[in-house]
Each structure stands twice: as structure tokens, then as C-alpha cells.
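Notes to accompany the following structure.
The values are calculated or read from the model by the stated rules, or taken from the named source; none is laboratory data. Predicted model only: the values in this text are computed from it and were never measured. Quick reminder, even Gly has a Cβ in these numbers, built from the backbone with ideal geometry, and neighbours come from all protein chains shown. The protein model used for the area step is the full one, side chains on, heavy atoms only, and it has no ligands, DNA or RNA in it. Shrake-Rupley method; radii C 1.70, N 1.55, O 1.52, S 1.80 Å.
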Amino acid sequence: FFPQIVSHVAYLSTPVPDIPFYDISQVKQDNTTSKQREIMMKHSWDNYVRYAWGKNELRPISKRGHSASIFGSMSLGATIVDGLDTLYIMGLDEEFKQGRDWIAEKFDINSATTDLSVFETNIRFVGGLLTCFALTGDIMFRDKAEEIAEKLLPAFQTQTGIPHSLINVKLGAASKNYGWASGGCSILSEIGTLHLEFSYLSDVTGNPVYRAKVDHIRRVIQGMDKPRGLYPNYINPKMENGANHHHMSMGGLGDSFYEYLLKAWLQSGREDQEARQMYDDAMHYVLLHMLKVSPGGLTYISDMKFDRLEHKMDHLACFSGGMIGLGAHTLKNDLSKRYMGIADAITNTCHESYDRTATKLGPEAFRFTDAIEAKALKSSEKYYILRPEVIESYSSCGDLLKIKNIETGVGKLFR
């Protein structure tokens, strides 16, 4: 299986067989487009190697490693680990070997001296390494992934088994939540976005502890009170049924919890009926209570705060067009046609959030009022950070022309 969603533009250019989440082989492109993307990837990689090798990220203007990222100043090679599967899929074998050898010889999770995000460490490092193992069969990747996952386990030592958001690898059991997270709560998207990697890790190592941890999370979440059938973004790890119901969202804080329910079902060969039922029920209530259509005809999923709709949609929430489309496509029933129509409509709204800006690149969040639609209003929303969600939904609809338009816009910024 392929435990991490394809989220890089580069993945869309090369057919890859036997990936259960997205049939890339159905995407038809000319050789020129594929070559252009290979050049873009190689250009990015070569400059990372030249200016920031082993660092987590590259600051492209100052040409230095970025020490203020979510992984701090430690040389954990986040760009290497997270991008290595893309190199492999694109056939950049020399670069892949270069990164593989660095991981084997240099990567050490124990060098992390500050708090690490359990969620980010899982999706970037555990997911990245397991993807490379799934693609190559190289057990070095599997063993490194398990080494990291083992270091995350103390975060699960709470009264409910709901993990904390942060873990200090050096101190072991020292874990905690973000101070801003609603009175010390854990976050729905973060605790829900562990299932694919941890269950797959148990499958390939034979160690049941990882799957047991995420199965327990699911049972706790499933048993919570859910007013209006909606899952809350904040969950207290210290008390049973300790959810804070003042905020629900398909964007930040909620997003990938829903994505991982659908993909857990797909990852299981469609045998994990619990995951599919939870996904279907969640979508029913989200679309019932939070789906809106603007006066101008744009369909969007609103946030809900304190039982009132906030007519805002995050760029992060734009993944939902692709997710709802994937859900409709993979389980044909009486709702499939309606849900596919909703998926197309949401994706079109996210396209409009791009098309209505001067640069044709979408904002971090956009709003709907009597005066404007699908535009950012606050200065804190008027930025673009290479998020993949809109491209993911475009690819679900097979709209490669729109993907090319985004690539052109990004290219102009850095030309």
C-alpha cells in the first residue's frame, strides 16, 4: 500500500501502478509536460543539496537552511525524507540514492532536542519513510520509520489514550498540547491523521502496538457526543467524552481526520467497514449543516463556531472536493451522483478563489459576504504557501489545464 496521499505536483506526471488512493495511470500528459516537471524537481533538489543539505528546509532567497521551521534547527533532513518518494517516482535515480544514503548514514531522530509535533513527524517522516519502503522494499526505510514511531509512543500515555500534540524525544515521556488549543485539548485532525501510517507499520513489522494505538483513538472518537452529528475540532485527552464543541471545520484542525477515514477503508482493501461508515456519516452531517451556496452560485463548506456558521473556507478545506469525489467514485450508491456534483462544485469554488486574485494564486482563506465571494478579507489570509489541496481536487476531476495554470503562476513568482 501507499500510506501517504500523493500531494506533490510532480506525482501527477508519472504513471505508478497499484496505488489504491489515486489512479495516476488515467492521467494523460504529453512528454513535454513530464519533462518540465522533472526539470522543476531537479532544479529544486539540486539547490537544496547545494545550499541546505541535511537541513530541514531551504530559504531560497538567502540560500540558507531554514532554522525556524516546525522542526527547528535540528538537521533532520525533512526535505530529504518528505521528498524522496517523489524522486523515486520521477525516475531521478541518482538523486534518490543520494537521499537514501543520507538517511541510512546521517538521519538520527535522537538528535532532536526540542518539542516535535507528533502529527507532523508522523506524516513527514514516518509516512515518507514507509512510502519509500512500500515502493522499494528496502527495509532500511521500514526500520527507520519504526524507530521514529517508537519515539512518538509516550505521547499516547494519557488518561484516554488520545495522544498529546507535542513530544520531546530527549525527555521521552514529556508530552503536552499547544497552549492555544482550547484549554489544553488535542486536535481532531492531528489525532485522526495517524491511522494510515501506524496501521501500515504494524502490518510490515508484525508489532501490533502501533495499530492498537490508532484503533483506540478511533473508538474514543466514535464514542464521543456529537451534537448535530458533527465531530469537534478539540478533544480533551484527560477525560472521557471531553470534547469542546464550539468549533467544527473541514479546514484547519479538522481536515485530514475525514480524509484518513476514507483512505483507511481503501488501504484495507475496502474491508474496514467501520472507517467507511464513520466517513459516510460524517459527510452526511457536514453537508447537511455546513454546506452552503452563495448568492453568486458558489458552493462552499463553512466553518461552524458556537452553533453559528462562519462563512469562510480555508485553502486547506479545498482538499474536500477531491475527497468527496473519491468517496463517491469508490462506493457507488444512490448518493454517488449528488456527491460527485458537490465535489465538482466545491472544486470550482476553490478555483474561483484563485481566479479572483491578481496573481491567480489562491489565498490562505477566503470568505463570503453580501459584497464579496471567494476572496480574502483579512491581511492574515492574503498569502500563498504552495499548499497542494486545490491541485489535489483538480486532479480528482482530471483538470490538468488548471494544474498547469497554477504551475505557471508559481513559476512567475520565482522567475
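One residue stands out in the stretch 84-123 among those that are in contact (Cβ under 8 Å) with a residue 40 or more places away in the chain and of a type in the set (Phe, Trp, Tyr): the one that is surrounded by the most Cβ atoms within 10 Å (Cβ to Cβ), namely Phe119. Applying the set (1) of a type in the set (Lys, Arg); (2) surrounded by fewer than 14 Cβ atoms within 10 Å (Cβ to Cβ); (3) modelled with pLDDT of 95 or more to Arg228 leaves exactly one unmet item: (3).
When the residues of the stretch 177-187 are filtered to those that are touching a residue at least 40 places away in the same chain (Cβ under 8 Å), of a type outside the set (Ser, Thr, Tyr) and open to solvent by 20 Å² or more (accessible area, probe 1.4 Å), which remaining residue is nearest to Phe133 (Cα to Cα)?
Residues of the stretch 177-187 that are touching a residue at least 40 places away in the same chain (Cβ under 8 Å), as a first pass: 177, 181-187.
Next cut, of a type outside the set (Ser, Thr, Tyr) only: 177, 181, 183-185, 187.
Then keep just the ones that are open to solvent by 20 Å² or more (accessible area, probe 1.4 Å); that gives 177, 183-184.
Numbers: Asn177: 31, Gly183: 39, Gly184: 36 Å.
Within the stretch 177-187, the match that is nearest to Phe133 (Cα to Cα) is Asn177.
Going by what's in this entry, would Gly77 be described as at positive phi, touching a residue at least 24 places away in the same chain (Cβ under 8 Å) and surrounded by fewer than 16 Cβ atoms within 10 Å (Cβ to Cβ)? Break it down stepwise before answering.
On the way: at positive phi: yes; touching a residue at least 24 places away in the same chain (Cβ under 8 Å): yes; surrounded by fewer than 16 Cβ atoms within 10 Å (Cβ to Cβ): no.
Taking the combined requirement at face value, the residue does not satisfy it.
Being touching a residue at least 24 places away in the same chain (Cβ under 8 Å) and polar (S, T, N, Q) is the filter here; which residues of the stretch 156-170 pass it?
Narrowing the stretch 156-170 to residues touching a residue at least 24 places away in the same chain (Cβ under 8 Å): 156, 158-170.
Once the filter is applied, which keeps residues that are touching a residue at least 24 places away in the same chain (Cβ under 8 Å) and polar (S, T, N, Q), the stretch 156-170 yields Thr158, Gln159, Thr160, Ser165, Asn168.
Of the helices (runs of 4 or more DSSP H) lying entirely inside the stretch 188-285, the ones with 2 or more residues being touching a residue at least 40 places away in the same chain (Cβ under 8 Å) and closer than 16 Å to Ile301 by Cβ are found at 188-192, 255-267.
Just one of Ile406, Ile346, Ile385 is crowded, with 21+ Cβ neighbours inside 10 Å and at pLDDT below 95; which is it?
Values: Ile346 fails: at pLDDT below 95; Ile385 fails: crowded, with 21+ Cβ neighbours inside 10 Å.
Sole residue among the options that is crowded, with 21+ Cβ neighbours inside 10 Å and at pLDDT below 95: Ile406.
When the residues of the stretch 356-371 are narrowed to those that are open to solvent by 60 Å² or more (accessible area, probe 1.4 Å) and in contact with a helix residue (DSSP H, G or I) (Cβ under 9 Å, 6 or more places away or on another chain), which ends up farthest from Leu287 (Cα to Cα)? By that ranking, first place goes to Thr359.
When you check Gly251 against the structure, is it in contact with a helix residue (DSSP H, G or I) (Cβ under 6 Å, 6 or more places away or on another chain) and under 20 Å from Glu364 (Cα atoms), yes or no? It is true that Gly251 is in contact with a helix residue (DSSP H, G or I) (Cβ under 6 Å, 6 or more places away or on another chain) and under 20 Å from Glu364 (Cα atoms).
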